[in-house]
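Here is the structure we will look at, set down as structure tokens.
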Amino acid sequence: MCGRLTQYRGVHDFVAALSMPGALVNNVGDQQLQRYNVAPTTPVAVLRLDDSGLRADLVRWGWRPHWANDRAAPINARVEKVAHGAFFRAIWPHRAVTPIDGWYEWVDEGGPKKQPYYIRRRDGQPSLCASIGQFAGSEHDGFVIITADALGGMIDVHDRRPVVLSPELAREWMAPDTPKEQAEQLALNLGEGPDAFEWYKVGTAVGNVRNQGEELVTPI
């Protein structure tokens, strides 16, 4: 996962895909997000559960522990290592879902520039990405998206992909009473396979993070 995604639907659309009735603490807003070129270190809408129920917050994409200030904050975490490595130990218990419309990858096809591709679910639903983060309401807050091997035809676009969960599994992933060991197995083994996605070439304008708009996800 190269580190660029889209969130152009509204939070209520993402919550509807999650199929969670009840009150929502919405700190993102009711409007369509209309973000077609979301880069690391910028705020991203994230869904999680706390004592008040389901909540939506804008959280910086990227996190590192306080003792790792000699390196850039990672934006992704490998599912094979995230549960047991020291780097993410502090935030592994704090699970969330990052709902996205899709993400971009760049492929070297021999041209002067790498070719961008856009990847999304075939069924048109949002991708509910397993995530972990620090959500303490401080300047050190941030989150990472958990990634797995791409497998199947998707590996031709990139060797990693986000762990995307079905609505049922996303709810289980976020639930505070889900044991950490169970959450690990869920992320390792039950993410959506490559057949759930489609991908196609898009224009090179997406390479500039200042560019926004629906034309960025239009096939070429």
Taking segment 193-208 only, how many residues are in a loop (DSSP other than H, G, I, E, B) and either modelled with pLDDT under 95 or open to solvent by less than 20 Å² (accessible area, probe 1.4 Å) (or both)? 2
Restricting segment 1-31 to residues that are hydroxyl-bearing (Ser, Thr, Tyr) and part of a loop (DSSP other than H, G, I, E, B), which is surrounded by the fewest Cβ atoms within 10 Å (Cβ to Cβ)? Ser19
Residue set Trp106, Trp67; condition open to solvent by 30 Å² or more (accessible area, probe 1.4 Å), farther than 30 Å from Val202 by Cα, outside any loop (DSSP other than H, G, I, E, B) and of a type outside the set (Ser, Thr, Tyr); output residue Trp67
Scanning for something polar (S, T, N, Q) and open to solvent by 40 Å² or more (accessible area, probe 1.4 Å), does segment 70-87 turn up at least one residue? no
Checked segment 155-168 for anything of a type in the set (A, V, I, L, M), over 15 Å from Thr98 (Cα atoms) and buried (at least 19 other Cβ atoms within 10 Å of the Cβ); matches are Val157
Give segment 127-154 a look and list any residue that's in a loop (DSSP other than H, G, I, E, B), open to solvent by 10 Å² or more (accessible area, probe 1.4 Å) and closer than 28 Å to Pro219 by Cβ, or say none. Leu151
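The values are calculated or read from the model by the stated rules, or taken from the named source; none is laboratory data. Because the structure is predicted, anything quoted here is derived from the model rather than measured. Quick reminder, even Gly has a Cβ in these numbers, built from the backbone with ideal geometry, and neighbours come from all protein chains shown. Quick note on the areas: whole protein, heavy atoms, side chains included, nothing else; ligands and nucleic acids left out. Shrake-Rupley method; radii C 1.70, N 1.55, O 1.52, S 1.80 Å.
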